[in-house]
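Comments concern the structure below.
FYI, it's all coordinate maths here, none of it is from the lab. It should be emphasised that the depicted structure is a prediction, and the values quoted were computed from it without experimental measurement. Here the Cβ positions follow ideal geometry from the backbone for every residue, glycine too, while neighbour counts run over all protein chains shown.
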Ligand SMILES: Nc1ncnc2c1ncn2[C@@H]1O[C@H](COP(=O)(O)OP(=O)(O)OP(=O)(O)O)[C@@H](O)[C@H]1O
């Protein structure tokens, strides 16, 4: 329980005041419920026999205080009080229920946004070890299960518990025997049904895992649709989806089906007890039917409100149980990410300011001064999950405005070197200087200088314009800058041929564009954001000769203006580079111009 509360408090940081406010609302509505229900019993007794007003001490005292001269006027007052209490109670309950609903849905929105922000800020190595399906599940499903399943149920259970407590106090005051009987029934039911909670938690967790699996299978099968079609392995993914979906439906079906069992069980027992109690009371107190009608008045109302409240609370507790893992999941996500953010990348010891990515537009990134050169000094790097070094003591210099090529066998460390250079991976050994200043002094400003064109460009399912001005809100897109980026990336003809020009949607992951066009969109994107340093990661490896030439032309035209770093498999793409660095097994093997490195070998 303590563990649950600690985690709950941790995950709902910043919402505690609202939770307290709702608690106060629940208490007020419960007190009104108590007053209203408490008045029904005496009211029933008085209407049956008005003489009770004089014979009952309390009623007689209130009657004399009220100053009414007739009992019928007093009964009218009593009925008005009851109507008033129930009306105010109905309003207070409505307000509290509304606040619960608004609070939980707002909480879901806030948690999803916080998670997204945290994932975006998390070190790159954090993502190397995570499956994107599990991140999607955390943002979409865990927050849903936590807020709608757990928090909503918890608040409803607390609200109901306050009502139950108030009504039970009323019952105890009315008839101890009946109340003790109900309490015993509840205790026995709890003990009998307790083992169910273990199963509910297990079913809930299995259902969640199965839904993560479903997203993973979907990503694999549909994400790689071309390969899936050509290889003809649709049935494999269908089968995988069926297994995950069956597991999901079986577990979630059991969890939600059995969550209501205790409710119906307890309701049946309490009703049976009340009927038996009435029969026994009548048999033993034949002469005291007025007292019985008063007791029954209270019991009837209490049953109308108490039984649903009890049943609802029990159901809520069970819903909490099968959604409990979502609290664990979110707690783990937030602690892991916060730890990762605090220690930086793979426990890096360098001090640097954590990039804050809150700028509305990437083009408004602050930038580091860069007039002279970039120097990598004795840089080594090991991936967190690996014992061997992917880079070993690499030192090199890149002058401003120059074009350099990185070559080497597969696995020699080219991508790692570029990732370290871009500040995605943080070195533990060595340093990187820009005009003599370490990039780790201000990584965000350093990254503000870099444009990255990977082999496989990530395109969003939106217009060409938004793909080029990636991350910039539509109303802030600079049309002139967009046009010159399109022209420099040799995309003008492509745009002219598109039915809606730059406003043409490119399809999911750019399926409506060819490989070479996608590549050039990547270049235009880097240019739009006015990056000084352009990094091409095997940008031309998968293209035909003509398209490759077009792209090489585009990069050539940038010579002198931009500093260009190209990872290349095709040596023809780096012919125009001033300097070529060859890597082998994480070390810099040699460097020189194209003649020295390529032609002479
Ligand atoms: N995420 C990772 N975790 C652990 N080791 C990795 C990771 N990524 C790469 N490596 C290892 O680091 C070394 C360098 O890999 P890198 O991708 O930088 O080579 P590369 O020269 O770019 O290869 P390619 O030309 O095939 O892309 C390889 O031994 C590789 O196995």
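A few remarks follow.
- FRET efficiency estimate (nearest 0.05) - Cβ-Cβ, residue 197 to residue 275, R0 41 angstrom: 0.90
- Spin-label model, residue 258 to residue 556: label points 7 Å out along the Cα-to-beta-carbon direction sit 7.1 nm apart.
- Computed over the chain, relative contact order equals 14 percent, with contacts defined as Cα pairs under 8 Å that lie 6+ residues apart.
- Largest to smallest principal axis extent of the C-alpha atoms in the stretch 133-270, angstrom: 77, 25, 17
- Spatial separation of Cα centroids for the stretch 229-282 and the stretch 121-164, in angstrom: 21 Å
- Normalised contact order of the stretch 139-292, rounded percent, pairs of Cα under 8 Å and 6 or more residues apart: 28 percent
- Here the residues 114, 585, ranked from fewest to most Cβ neighbours within 10 Å of their Cβ, fall in the order 585, 114.
- Degrees, to the nearest 10: 261-284 long Cα axis against longest axis of the chain: 10 degrees
- Virtual spin-label span in nm between residue 371 and residue 110, 7 Å along Cα→Cβ: 4.8 nm
- Taken over the stretch 367-408, the alpha-carbon convex hull comes to 111 cubic angstrom per residue.
- Rounded to 10°, Cα long-axis angle of helix 16-48 versus longest principal axis of the chain: 20 degrees
- Here the chain yields Rg over Rh of 1.18, to two decimals, using C-alpha coordinates and the Kirkwood radius.
- Rounded to two decimals, the Cα-based Rg/Rh of the stretch 429-478, with Kirkwood Rh, is 1.13.
- Counting other Cβ atoms within 10 Å as a rough exposure proxy, the listed residues 591, 55 run 55, 591 from fewest neighbours to most.
- Cα-Cα pairs of the stretch 483-530 separated by more than 17 Å (percent): 27 percent
- In the stretch 74-175, the alpha-carbon atoms span a convex hull of 111 Å³ per residue.
- Theoretical FRET efficiency, 1/(1+(r/R0)^6), r = Cβ-Cβ of residue 596 and residue 431, R0 30 Å, to 0.05: 0.65
- With neighbours defined as other Cβ atoms within 10 Å of a residue's Cβ, the residues 103, 581, 370 order from fewest to most as 370, 103, 581.
- Gap separating the Cα centres of the stretch 1-77 and the stretch 384-427, nearest whole Å: 73 Å
- Stretching residue 132 away from residue 18 to a fully extended chain increases their span by 37.8 nm, per 0.36 nm per residue minus the current alpha-carbon distance.
- Rounded to the nearest 10 degrees, the inclination of helix 2-11 to the longest alpha-carbon principal axis of the chain is 50 degrees.
- With the helix formula -39500 (n - 2.57) applied to DSSP H stretches of n ≥ 4, the chain reaches a computed 222 nm mean residue ellipticity of -20000 deg cm²/dmol.
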